[in-house]
1. Inside segment 50-61, can you point out the residues that are surrounded by fewer than 23 Cβ atoms within 10 Å (Cβ to Cβ) and in contact with a strand residue (DSSP E or B) (Cβ under 6 Å, 6 or more places away or on another chain)?
2. Can you tell me which condition Ser146 does not meet? The list is (1) out of contact with any helix residue (DSSP H, G or I) (no Cβ under 9 Å at 6 or more places or on another chain); (2) among the hydroxyl-bearing types (Ser, Thr, Tyr); (3) touching a residue at least 24 places away in the same chain (Cβ under 8 Å), and all the others hold.
3. Could you tell me how many of the residues in segment 35-69 are in a helix (DSSP H, G or I) and either at pLDDT 95 or above or of a type in the set (A, V, I, L, M, F, W, C) (or both)?
4. Take segment 25-83 and flag every residue that is in contact (Cβ under 8 Å) with a residue 40 or more places away in the chain and among the β-branched types (Val, Ile, Thr).
5. Considering only residues that are assigned to a loop (DSSP other than H, G, I, E, B) and modelled with pLDDT of 85 or more, look in segment 133-172 and name the one that is surrounded by the fewest Cβ atoms within 10 Å (Cβ to Cβ).
6. Can you tell me which residue in segment 74-104 is nearest to Ser134 (Cα to Cα), limited to those that are modelled with pLDDT of 95 or more and either part of a loop (DSSP other than H, G, I, E, B) or among the hydroxyl-bearing types (Ser, Thr, Tyr) (or both)?
Amino acid sequence: MPQVYSHGFPLYWDVRLIVELSGEHPHLPFAELEVVGTVIDRRTQVAVVECRSPQTTRRLALAHAVLEYLGESAADRESFTAMVRDLGITAEGPFAARVRKMAGSFMETPVPDLERLIGSIIGGKSVFRIPPASTGPFFPGTAAFSGRCCFVLTGHPMTSGDPVPGHSSTPG
């Protein structure tokens, strides 16, 4: 797709995003995503989508959070650790690692251990309250997706640390 520019700045750009989906329906969230971009990976409550602008995802009704796609690996501790190290993520200010294990995740490592692992690899100050920056690995099935939070669409653990009633992710 050609880029569209105004005064030398791109108005639209192609971006790959990770979208955490509501678990209310198995097919509707993916159909909704097809309106804003191309879904390139479908997993339990998680989709990877390529779209022209992340702002188009702000209107999604069946999504909880939108993250900038950083990488993916197999859902085992060794592969995930290697991915996080290879990404070389650093934080200029306070950040939080909010791990989400979806129903059917193959990741055996408990969530608190994964969050500590991420905090030990990423340079910067890790905090437990609502930070200005958040990183969110998701573990749907056999995959691990890592992303940087763009925005949260509902009251959500990515920023609050509080569980969402009826959310179907499994505890670590």
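The values are calculated or read from the model by the stated rules, or taken from the named source; none is laboratory data. Remember, predicted model here, so these are calculated numbers, not experimental data. Note that each Cβ is placed from the backbone with ideal geometry, even for glycine, and that neighbours are counted across all protein chains shown.
1. Step one: filter segment 50-61 for residues surrounded by fewer than 23 Cβ atoms within 10 Å (Cβ to Cβ), giving 50-56, 58-61.
Listed by number, the residues that qualify are Glu50, Cys51, Arg52, Ser53, Pro54.
2. (1)
3. Let us first name the residues in segment 35-69 that are in a helix (DSSP H, G or I), namely 35-36, 54-59.
If we keep only those that are either at pLDDT 95 or above or of a type in the set (A, V, I, L, M, F, W, C) (or both) too, we end up with 35-36.
Here the count works out to 2.
4. Matches in segment 25-83: Thr44, Val46, Val48, Thr57, Val66, Thr81.
5. Here is the first cut: in segment 133-172, the residues assigned to a loop (DSSP other than H, G, I, E, B) are 136-137, 140-142, 153-156, 161-172.
Cutting the leftovers down to modelled with pLDDT of 85 or more gives us 137, 140-142.
Details: Pro137: 29, Pro140: 26, Gly141: 15, Thr142: 13.
Checked segment 133-172; the qualifying residue surrounded by the fewest Cβ atoms within 10 Å (Cβ to Cβ) is Thr142.
6. Thr81
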